[in-house]
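Chemist: Attaching a single structure in structure tokens format; questions to follow.
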Amino acid sequence: MWRCGQWVTLGLAVLGMMTMGTCSTEAQKTSQPPFPQRVKVQPFPEGLRWINTAQPLQLSDLRGKFVLLDFWTYCCINCMHVLPELKKLEKAYPNELVVIGIHSAKFAGEKDTQNITEAVLRYQIEHPVINDPELVIWNRFGIQAWPTLLLVDPQGYAIWAKSGESTFEDLDAVMKKAVPFYREQGLLDQRPRNFQSAAEKAEPTPLRFPGKVLADEAGDRLFIADSNHNRIVVTRLDGSLLESIGSGSIGRADGDYATAQFQQPQGMALDGTALYVADTENHLIRKVDLAGKQVTTVAGLGGQARQPTLPGQSARPLRISLSSPWDLCIHDRDLYIAMAGLHQIWKMRLDGSGIGVYAGNGQEDIVDGPLLPKQLFQLGYSSFAQPSGLSSDGRRLYVADSEGSSIRAVPLDPRQKVTTVVGTSDLPSARLFTFGDVDGPGRQVRLQHPLGVVYYEGLLYVADTYNNKIKVIDLGDGTTRTLAGSGQPGRTDDPPTFDEPAGITAAAGRLFVADTNNHLIRVIELRAPLRRSGTGVSPVVAAPQVSTLSIRGLKPPEAAQAAVASPP
């Protein structure tokens, strides 16, 4: 079974695309090659779509370079974790190494080249990427997990492969072992290679891939995680611009609004005059003092936690590593965290006295049961799969459990059990690979990688991200139906269309949607209250009116404008 982040080292001899070959004459000049077992790699199949390059490439075009193949899919948190490590490696070996991403889709929505291009822009990937929608290259290599890395030497032979998250240090050690030999043999071409990046064609936008939104009805405010601009934008609910929090440059500096830095911020939670921010790619929780206009770090060390935290283990928030916190929700004096990178729900005391796991055994899966086991990965307890959205009705947390295309309910009473509102927990197998676009009664409902959820006036609203829809769930009977969206990507108000919406919030009879790939905030007017039908068939839903929020005066931050003026 394909798994995201399965930790396996692959034996090169079993990779199907490769045929065993003898080392070339040049390689036999020395008796001590760094990788004596080498496997000849066949050419890439013709006819596949490429991103970040003006024309398709072949390995023969890159003779003299090391070529690192990254088998990834853009939904996968483990794949996201590898990307910054690859960027470090590319900077360390700019003339010796070419990275090529082999995008191998898990979800149907990920097969589309335009969607992959948006992901390439969102993740700021600069190297060439192949769209392998039918997994032709994946199957020929015998790949079994995302991410998998495979290194091809300057003569076209595979010399190393590993599945799972690899760090820069891991990869640098391999390169340091390999580069001197090929340089000594005169086999290394160190002339620079430049490729045509998709970012060079991208037009600047006031918002850039906004990830999450948070409405404050009492304060007439909307907080927008302007994720790729590395800042938080604050407006009135009507879109009137109030201020921006953060300089826009990538970093983790604390300070005032003009100097503070974030890196891909996502979910937010409000407690009086304190705004908590999931600073996702910094692996931190930040606190914004809205009265004093200061940003501080309140949890995390800045480095990624590589393994799930043991159940029952509590620590001071500034003495423990986090892993891709994606959304936040406050109940009483606790901050709940969707810890996407560890497939767990965490809880932090707002007074800073402690942080630890609240639910999830650390196994990536969709399994109901008691909140926490006594040890990691213990069966019979709750499992999550990249939780990415949180909301609450005061008794339960509702979780958009994205990799399992499910909506989960986590009790705030720790004596109760995790349940699934809609999704795949009842299936005996393939829980992470069963998805679709099916409305109706609870067990037949299928979603596709939902990233956002909000509880509002007795109902759950879901950003069904890869289906490009907003859906509504009747908690009385589990019935789900489409509220807005055609299923196809678009940016029209009438009829309403979206492009991978990832965040959703509610206030004053309206839903506010982070329409991520459109770089917009959309507003859905709930003309009449939604109410449960009581028939077990579907909720009664008035046709919504959709508009696009106009944020007058908002411009990209100076850091983003400078990056556009001087593309990589």
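Chemist: Please go through (1) at pLDDT 95 or above; (2) at negative phi for Gln37 and return the number of the only condition it doesn't satisfy.
Modeler: Here Gln37 clears every test but (1).
Chemist: Looking only at the range 459-512, count how many residues are in a loop (DSSP other than H, G, I, E, B), touching a residue at least 12 places away in the same chain (Cβ under 8 Å) and over 26 Å from the mean Cα position of the chain (by Cα).
Modeler: So the answer is 9.
Chemist: Filter the range 280-304 for residues that are within 21 Å of Met80 (Cα to Cα) and either β-branched (Val, Ile, Thr) or not in a strand (DSSP E or B) (or both) and give the result.
Modeler: Thr280, Glu281, Asn282, His283, Ile285, Gly300, Leu301, Gly302, Gly303
Chemist: State which residue pairs qualify: first residue of a type in the set (Asp, Glu) and at pLDDT below 70 and inside the range 551-568, second residue surrounded by 12 or more Cβ atoms within 10 Å (Cβ to Cβ) and in a loop (DSSP other than H, G, I, E, B) in any location, beta carbons under 6 Å apart, and separation of 6 or more residues or different chains.
Modeler: Nothing qualifies.
Chemist: So, one more: Report, by residue number, each residue of the range 392-410 that is of a type in the set (Gly, Ala, Ser) and surrounded by fewer than 24 Cβ atoms within 10 Å (Cβ to Cβ). Steps first, answer last, please.
Modeler: Within the range 392-410, the first condition is being of a type in the set (Gly, Ala, Ser), and the residues that meet it are 392, 394, 400, 402, 404-406, 409.
Within the range 392-410, Ser392, Gly394, Ala409 qualify.
Chemist: Ok, one more. Within the range 507-519, can one find any residue that is under 18 Å from Gly239 (Cβ atoms), modelled with pLDDT of 95 or more, surrounded by fewer than 22 Cβ atoms within 10 Å (Cβ to Cβ) and of a type in the set (A, V, I, L, M, F, W, C)?
Modeler: Scanning the range 507-519 turns up at least one residue that is under 18 Å from Gly239 (Cβ atoms), modelled with pLDDT of 95 or more, surrounded by fewer than 22 Cβ atoms within 10 Å (Cβ to Cβ) and of a type in the set (A, V, I, L, M, F, W, C).
Chemist: Answer yes or no as to whether Lys40 is farther than 21 Å from Ser166 by Cα, among the charged types (D, E, K, R) and touching a residue at least 60 places away in the same chain (Cβ under 8 Å). Talk me through it step by step, then tell me what you get.
Modeler: Numbers: farther than 21 Å from Ser166 by Cα: yes; among the charged types (D, E, K, R): yes; touching a residue at least 60 places away in the same chain (Cβ under 8 Å): yes.
Spelling it out, Lys40 is indeed farther than 21 Å from Ser166 by Cα, among the charged types (D, E, K, R) and touching a residue at least 60 places away in the same chain (Cβ under 8 Å).
Chemist: Let me ask something else. When you check Gly394 against the structure, is it farther than 20 Å from Gly423 by Cα and not hydrophobic (A, V, I, L, M, F, W, C), yes or no?
Modeler: Details: farther than 20 Å from Gly423 by Cα: yes; not hydrophobic (A, V, I, L, M, F, W, C): yes.
For Gly394, the condition - farther than 20 Å from Gly423 by Cα and not hydrophobic (A, V, I, L, M, F, W, C) - is met.
Chemist: Taking the range 50-99 as the region of interest, how many residues are touching a residue at least 12 places away in the same chain (Cβ under 8 Å) and either at positive phi or of a type in the set (D, E, K, R) (or both)?
Modeler: Looking only at that region, the number is 10.
Chemist: Moving to a separate point now. Within the bounds of the range 305-319, is there any residue that is modelled with pLDDT of 95 or more, part of a strand (DSSP E or B) and within 23 Å of the chain's Cα centre (by Cα)?
Modeler: no
Chemist: One residue is enough: does the range 278-292 have a residue meeting the conditions polar (S, T, N, Q), surrounded by fewer than 20 Cβ atoms within 10 Å (Cβ to Cβ) and out of contact with any helix residue (DSSP H, G or I) (no Cβ under 7 Å at 6 or more places or on another chain)?
Modeler: Of the range 278-292, the ones polar (S, T, N, Q) are 280, 282.
Checking which are surrounded by fewer than 20 Cβ atoms within 10 Å (Cβ to Cβ) leaves us with none.
No; the residues of the range 278-292 include none that is polar (S, T, N, Q), surrounded by fewer than 20 Cβ atoms within 10 Å (Cβ to Cβ) and out of contact with any helix residue (DSSP H, G or I) (no Cβ under 7 Å at 6 or more places or on another chain).
Chemist: Let me ask something else about it. Specify which of the listed residues (Asp474, Asp401, Asp426, Asp413) is among the acidic types (Asp, Glu), at pLDDT 95 or above and more than 20 Å from Gln344 (Cα to Cα).
Modeler: None of the others qualify; the one that does is Asp474.
Chemist: Same structure, new question: Please find, among Glu126, Glu217, the residue that is in the same structural domain as Ala507 (by TED's automatic domain parsing) and touching a residue at least 60 places away in the same chain (Cβ under 8 Å).
Modeler: The unique qualifying residue is Glu217.
Chemist: Within the range 239-256, which residues are out of contact with any strand residue (DSSP E or B) (no Cβ under 7 Å at 6 or more places or on another chain), within 20 Å of Thr516 (Cα to Cα) and either without any contact (Cβ under 8 Å) to a residue 40 or more places away in the chain or of a type in the set (A, V, I, L, M, F, W, C) (or both)?
Modeler: Ile250
Chemist: Quick one: which helices (runs of 4 or more DSSP H) sit completely within the range 43-148 and have at least 2 residues that are out of contact with any strand residue (DSSP E or B) (no Cβ under 7 Å at 6 or more places or on another chain) and among the polar types (S, T, N, Q)?
Modeler: Correct list: 113-122.
Chemist: Shifting gears a bit: Quick one: which of Glu243, Glu200, Glu217 is acidic (Asp, Glu), modelled with pLDDT under 95 and surrounded by fewer than 24 Cβ atoms within 10 Å (Cβ to Cβ)?
Modeler: On inspection, the qualifying residue turns out to be Glu200.
Chemist: Going through the range 156-174 one residue at a time, which ones are more than 25 Å from the chain's Cα centre (by Cα) and buried (at least 19 other Cβ atoms within 10 Å of the Cβ)?
Modeler: Listed by number, the residues that qualify are Gly156, Tyr157, Ala158, Ile159, Trp160, Val174.
Chemist: Which one of Val472, Val523 is aliphatic (A, V, I, L, M) and within 27 Å of Arg395 (Cβ to Cβ)?
Modeler: Unique residue meeting the criteria: Val472.
Chemist: Let me ask another. From the set of residues in the range 107-129 that are in contact with a Phe, Trp or Tyr (Cβ under 6 Å, 6 or more places away or on another chain) and of a type in the set (A, V, I, L, M, F, W, C), which is farthest from Pro210 (Cα to Cα)?
Modeler: Ranking the qualifying residues of the range 107-129, first place goes to Phe107.
Chemist: Here is a follow-up. Hey, Tyr257 hits all of (1) aromatic (Phe, Trp, Tyr); (2) buried (at least 22 other Cβ atoms within 10 Å of the Cβ); (3) in contact with a Ser or Thr (Cβ under 9 Å, 6 or more places away or on another chain) but one; which does it fall short on?
Modeler: Going through (1) aromatic (Phe, Trp, Tyr); (2) buried (at least 22 other Cβ atoms within 10 Å of the Cβ); (3) in contact with a Ser or Thr (Cβ under 9 Å, 6 or more places away or on another chain) one by one, Tyr257 breaks only (2).
The values are calculated or read from the model by the stated rules, or taken from the named source; none is laboratory data. This one's a predicted model, so the numbers in the text were calculated from it and none came from an experiment. Counting neighbours? That spans all protein chains shown, and the Cβs are built from the backbone with ideal geometry, glycine included.
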